[in-house]
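Colleague: Please read through the structure below; I'll follow up with questions.
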Amino acid sequence: MRLAVIGHPIAHSLSPVLHEQWLRASGLFGRYEALDVTPDELADLFQQMRDGVWDGFNVTIPYKETVIPYLDELDQAAEAAGAVNTVYKRDGKLIGTNTDGAGLVAALDRWTDWTGRVLVIGAGGAARGIISALPTRDVTVTNRTMERAERLADAFGIEAQALEDVDIARYDVIIQTTSVGMDGVDSPRSLKGLRQNTVVCDIIYRPLVTPFLKEAAKADAKIVNGTAMFVGQGALAFEYWTGVRPDQLVGMKLIERLLEE
Ligand code: ATR
């Protein structure tokens, strides 16, 4: 099994340790590399995959859309997200999928049965992938730029609200998808009114506990950090490549330990 994540930059990727641990635990021989590639190297790389050199790729920033022309098919998840984060081979064809949304949803299944209301903060590519994978349409999307929230709401038949109009107390699950909080200082908005036991998830994993999650923890919410989506998307990708469902809890513990160091 020869696997890799392709992106630029890629030096700090945690995917190799995660997947190599899963390969070992599954008794599979193989390697998972981090490939820092330039756009003009992509054609070659996908030809190598056709030739059997590679069994699978993860795709990360900035190539999640750029790789699409090199593939034979996109599945429904990649179409809905408008982006590819995983490439696998079936019957000689290169297929692009997107496991980000479904990976997060699968991870959050442990904390919620999705019968309540969901709030998604942010309206970028990450939000689109997550909304498309949610098992409920009882969803509100909110964003700094209202127009983008409205576009997503129209596309998925959900509700859009301005950030300042959102009543936090209404929601059972809150998913933070913006880049706000990576600085360890800012939050996209306050969590005033948050109910105890609400599931509050941030997809940022550096830092592991964002200011948004800190505020949620103070209000006794159930907080889910960004390792849930990272490990969740990786687990689904691993299953596409190997047919083996890896242990997500073991994966989350490993990644949390590395991020805490
Ligand atoms: P991604 O594909 O990672 O989601 P993106 O498409 O650039 O990236 O989207 C980034 C998200 O973070 C958007 O929802 C963006 O809000 P806008 O649509 O208003 O730009 C949000 N975001 C980024 N910086 C922000 C900030 N300082 N305050 C509030 N929201 C911010």
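Colleague: Residues in the range 1-13 that are surrounded by fewer than 20 Cβ atoms within 10 Å (Cβ to Cβ) and either among the hydrophobic types (A, V, I, L, M, F, W, C) or touching a helix residue (DSSP H, G or I) at 6+ places or on another chain (Cβ under 9 Å) (or both): how many?
Modeller: Qualifying residue count, the range 1-13: 4.
Colleague: Has the range 66-81 got any residue that is closer than 25 Å to residue 244 by Cβ, modelled with pLDDT under 95 and among the aliphatic types (A, V, I, L, M)?
Modeller: yes
Colleague: Now, a different point. Taking only the range 143-164 into account, find how many residues are more than 27 Å from residue 111 (Cα to Cα), without any contact (Cβ under 8 Å) to a residue 24 or more places away in the chain and either part of a loop (DSSP other than H, G, I, E, B) or in contact with a strand residue (DSSP E or B) (Cβ under 6 Å, 6 or more places away or on another chain) (or both).
Modeller: 3
Colleague: Given the conditions (1) away from the ligand (no atom under 14 Å from the Cβ); (2) under 16 Å from the mean Cα position of the chain (by Cα); (3) basic (Lys, Arg), report the number of the one that residue 206 does not fulfil.
Modeller: (1)
Colleague: Mind listing whichever residues of the range 185-197 are within 19 Å of residue 144 (Cα to Cα) and either touching a Ser or Thr at 6+ places or on another chain (Cβ under 7 Å) or more than 12 Å from the ligand (Cβ to nearest atom) (or both)?
Modeller: 188, 190, 191, 192
Colleague: Now, a different point. Being in a loop (DSSP other than H, G, I, E, B) and surrounded by 23 or more Cβ atoms within 10 Å (Cβ to Cβ) is the filter here, so list the residues in the range 65-88 that pass it. Spell out the reasoning first.
Modeller: Step one: list which residues in the range 65-88 are in a loop (DSSP other than H, G, I, E, B), which gives 65-67, 71-72, 75, 82-85.
The answer is 83, 84, 85.
Colleague: Separate question: Looking only at the range 133-148, decide whether some residue is surrounded by 18 or more Cβ atoms within 10 Å (Cβ to Cβ) and under 30 Å from residue 50 (Cβ atoms).
Modeller: Looking through the range 133-148, at least one residue is surrounded by 18 or more Cβ atoms within 10 Å (Cβ to Cβ) and under 30 Å from residue 50 (Cβ atoms).
Colleague: Which one is farthest from the chain's Cα centre (by Cα), of the residues in the range 127-175 that are within 13 Å of the ligand (Cβ to nearest atom) and charged (D, E, K, R)?
Modeller: Residue satisfying both the conditions and the ranking: 164.
Colleague: So residue 201 fits all but one of (1) within 16 Å of the ligand (Cβ to nearest atom); (2) over 13 Å from residue 144 (Cα atoms); (3) without any contact (Cβ under 8 Å) to a residue 60 or more places away in the chain; what number is the exception?
Modeller: Going through the list (1) within 16 Å of the ligand (Cβ to nearest atom); (2) over 13 Å from residue 144 (Cα atoms); (3) without any contact (Cβ under 8 Å) to a residue 60 or more places away in the chain, residue 201 breaks only (3).
Colleague: Would you confirm whether any residue within the range 104-124 is within 16 Å of the ligand (Cβ to nearest atom), in a loop (DSSP other than H, G, I, E, B) and not small (Gly, Ala, Ser)?
Modeller: no
The values are calculated or read from the model by the stated rules, or taken from the named source; none is laboratory data. In this text, all values refer to a predicted model and were calculated from it rather than measured experimentally. Glycine also receives a Cβ, built like all others from the backbone with ideal geometry; neighbour counts cover every protein chain displayed.
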